[in-house]
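Nothing in this text is a laboratory measurement; each read-out follows from the coordinates by a stated rule. Just so it is clear, the structure is predicted and the values come from calculations on it, not from any experiment. Counting neighbours? That spans all protein chains shown, and the Cβs are built from the backbone with ideal geometry, glycine included.
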Amino acid sequence: MATALFRSEHTHDFTALSLKPDHQNRPLRVDGRGGLILENFHPLAPTVQDFLVTIAEPISRPTFLHEYRLTTHSLYAAVSVGLNSNDIITTLDRFSKNTMPPNVARYIQHCGKSYGMVKMVLKDNKYFLETADPDILQMLLQDAKVRACRVQGTAEITTTATKADTVAIAGTSIAGGIREAEGLASHGRGRHSEYEPRTGAETLRLLDDDDDDDDDERGVIHALQIMDDKVGAVAERCLALHYPVLEEYDFRNDHANANLEIDLTPGTQIRPFQEKSLTKMFGSGRAMSGIIVLPCGAGKTLVGVTAACTIKKGVVVLATSNMSAIQWKNEFIKWSNINPEDIALFSSDNKSVFTGTTGIIITTYSMITNTRERAYQSAKMMQFLRDREWGLMLLDEVHVVPAQMFRRVIGSIKAHSKLGLTATLLREDDKIEDLNFLTGPKLYEANWMELSQQGFIAKVQCAEVWCSMPTEFYQQYLETGPRTRLLFCVMNPTKFQACQYLIRYHESRGDKIIVFSDNVYALEAYAKKLMKPFLYGGTSNAERQLVLDYFRNSPDCSTLFLSKIGDTSLDLPEATCLIQISAQYGSRRQEAQRLGRILRAKRRNEDGFNAFFYSLVSKDTVEMVYSSKRQAFLVDQGYAFKVISQLKGMDKMSNLAFGTAQARSELLQKILAEVDTKSWKEEEARERAGLLADGNMFYGPDGKPLRKGARRVAGVLKDLSRGQDMAYIERNKSANKSMKTKNSSRHKFFKSIARENERRRNAE
């Protein structure tokens, strides 16, 4: 649809764009392909930037020029928060340096006519497809795929819609005033922040001009019931028919589900950008399903807790690991006044339930999507989850949801609204687009550099350190296969020395350091050589928690080595320096998530950078190619990578590892022996098998996700019978010999054959 509309005039030749006479006073340029270029140094840039985040996808946001693009899904998200086509076109034309290309205006009009016309609503534990236009409902029913998902034998339902009023979001100044007026929280009054941004509603009539919609909201609603396990399929089909399904929850008029006694603690007030993101969710007076994208360390968890405090209904939280689930529970207790007994954990080693009529259940994706036969207690918990209506489903690290196994999450748990939280809405495959019908559109995406300048996240200096490889190592690197080459890259002795130098330098400054390595063999080798603690997939949860607490609280532990397990959901606010010695090929997502480990605002307020990110790369190897790919997302966010070809003073450092030719030769022989045994690959395979259960989040060298499907391998028949670790031993040889001499035990048939053979031999 979009391709056809953008194939007309002004498609590639931008010289045809006609500048307005006062173009120097306007900050925006609109091209014929839906691209938007914003001059971020213009005085009107802050106002226009807030508007563009609402209607378009941010592509690149460095210091001076920001690039956005109009897409069907971004316009869908704009309509979902109350905008209409005329508002969007008028505002773009008002701030554009050039006249609006007609094909772009037609495209916006086309999207505005269909978006928001169809809604998916949960009532009485049943899903209904609703629309105010009966003709649209009949058109959808004529589609075979939609018709097949309808509950057979049910008639069309007609109801009257309720009017939506303004929502007071918990943790804001408005909510604080309401609580004070009601006498519920006399000392919970909020204050306006000097950084509170103007929203599109205040400056451009973009979020509050809902008066024209009042008549529609009081109109007749036509609905039909959809099968529970077909909700995702219906949403996907409606999207293909250009009628995206809108999911919203009128929680204040929901009297069927019990209210949850929860509110933010009186001293808690959310930050302006957090309030802005939640305004996109609750701007229509109802809870809109969708995705909020905030940098790591910017308070995504608090946004989720605030959404739960605003809706005040039952909540299901889906995390990526047991450790993350425990952190979510602690955050709910920290930021809200909820009774801890109203929070339940559903994990492999904890299956508690809340005591009241409603509450919060925190679980993991793998627990919900498990298809194997469950234990009695787990099956009972799953039935409890399925039989209830939940007001809110919080999806932590929502980018893992598009994996095929996690599509079952949406069908397993019935929730009125879904809120996805992530820092990196990235996947190297195309499945990230599935989020538009699995969870909802992207409601808000924060500007990383803007938050850094305002002090909400750390100011990070990013650097790529080039490590030359000794001749004998490089020779072996050239002669080995692709997988083994990566082992030589990470075990490069020069890289080892650079890591040692940076650790010693930053420990002397009082920094807390995290060293990341995807290669488990290298992780263990580095950590043991430098006598530092390390965690990987094979570490037990109890040991992980012990080591993490030691790193957080002890001045004697300044450096921690981590494998992939540290990429997400680890709360290490004290970390100020990150060194990456091995990564996951060209994964942009992993690079951004690892940077997020040090993005939390620091207690140290010295001028300039207060956090450091080093990526150690073996020079003239495939690592340099992967490194440039990984950095693409962070560069688009405005980060600049400084290239360091030589660390000053490293060669003069005492006790430098592998400083002699003999030490390097011994290291090379050890690596070659390890390559022959292939035990390092087996260790990686064991870790990957455990981590893939968290959502198919890891990618291969081709940029495509690793799958858990079948692999063709050479083997023997005993592997199929699980007899590869067994052996047959002949323990009583004398008994076998005696059996040969006992003719009486033989059957008559075999005796006759033996006699016949004997007769023939004698005849010859």
> Ordered by residue, what ³J(HN,Hα) values in Hz, to whole numbers, does the stretch 655-669 give under the Karplus form 6.51 cos²θ - 1.76 cosθ + 1.60, where θ = phi - 60° and Gly and Pro are x?
Replying inline: 6, 6, 5, 6, x, 10, 5, 5, 5, 5, 5, 5, 5, 4, 5
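Which of the pairs 512/619; 528/629; 123/418; 300/414; 529/648 have their Cα atoms more than 19 Å apart in this structure? Write out the running numbers ahead of the final one.
Numbers: 512/619 27 Å; 528/629 31 Å; 123/418 15 Å; 300/414 23 Å; 529/648 23 Å.
Flagged as over cut-off: 512/619; 528/629; 300/414; 529/648.
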>> Please give me, ordered by residue number, the trypsin sites (Lys or Arg not before Pro) of the stretch 333-372 that lie in loop per DSSP and have at most 15 other Cβ atoms within 10 Å.
In response: 372
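For the stretch 247-371, just say rounded, prolate or oblate: build the C-alpha gyration tensor, square-root its eigenvalues into a ≥ b ≥ c, call rounded for a/c under 1.5, and beyond that prolate if a/b exceeds b/c, oblate if not.
Details: a/c = 1.45, a/b = 1.25, b/c = 1.16.
Rounded, since a/c falls under 1.5.
So if each residue of separation counts as 0.36 nm, and I subtract the Cα-Cα distance between residue 673 and residue 341, what length gain in nm does that give?
Details: separation 332, 0.36 × 332 = 119.52 nm, distance 5.47 nm.
My answer for the length gained is 114.0 nm.
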>> For 620, 50, which order do you get if you count the other beta carbons within 10 Å of each Cβ and list the fewest first?
In response: 620, 50
> From the square roots a ≥ b ≥ c of the eigenvalues of the alpha-carbon gyration tensor of the stretch 259-452, which class results: rounded (a/c under 1.5), prolate (a/b over b/c), or oblate?
Replying inline: oblate
>> Going by Cα centres, the stretch 133-156 and the stretch 456-522 are how many Å apart?
In response: 58 Å
> Based on DSSP, what percent of beta bridges with both residues in the stretch 2-114 are antiparallel, to the nearest 5?
Replying inline: 90 percent
> Got a sec? How would 311, 157, 326, 55 order by Cβ neighbour count within 10 Å, fewest to most?
Replying inline: 157, 326, 55, 311
> Using a ≥ b ≥ c from the Cα gyration tensor of the stretch 301-357 (square roots of the eigenvalues), is it rounded, prolate or oblate, where a/c under 1.5 gives rounded and otherwise the larger of a/b and b/c decides, a/b for prolate?
Replying inline: oblate
> Once amide H atoms are placed 1.01 Å from N in the peptide plane, what residues at a sequence separation of 5 or more from residue 65, or on another chain, have their amide H within under 5 Å of its amide H?
Replying inline: 40
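If you keep only loop residues by DSSP, which chymotrypsin sites (Phe, Trp or Tyr not before Pro) in the stretch 13-117 have at most 14 other Cβ atoms within 10 Å of their Cβ? Spell out each step's value before the answer.
Working: sites: 14, 41, 51, 64, 68, 76, 95, 107, 115; in loops: 41, 64, 115.
Hits after loop and neighbour filter: 41, 64.
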> Residues with amide H under 5 Å of residue 644's amide H, sequence separation 5 or more or different chain, H placed in the peptide plane at 1.01 Å from N; which?
Replying inline: 464, 465, 466
>> Residues of the stretch 523-555 with the amide nitrogen closer than 11 Å to a label point 7 Å from the Cα of residue 349, along Cα-to-Cβ, please.
In response: 540-546
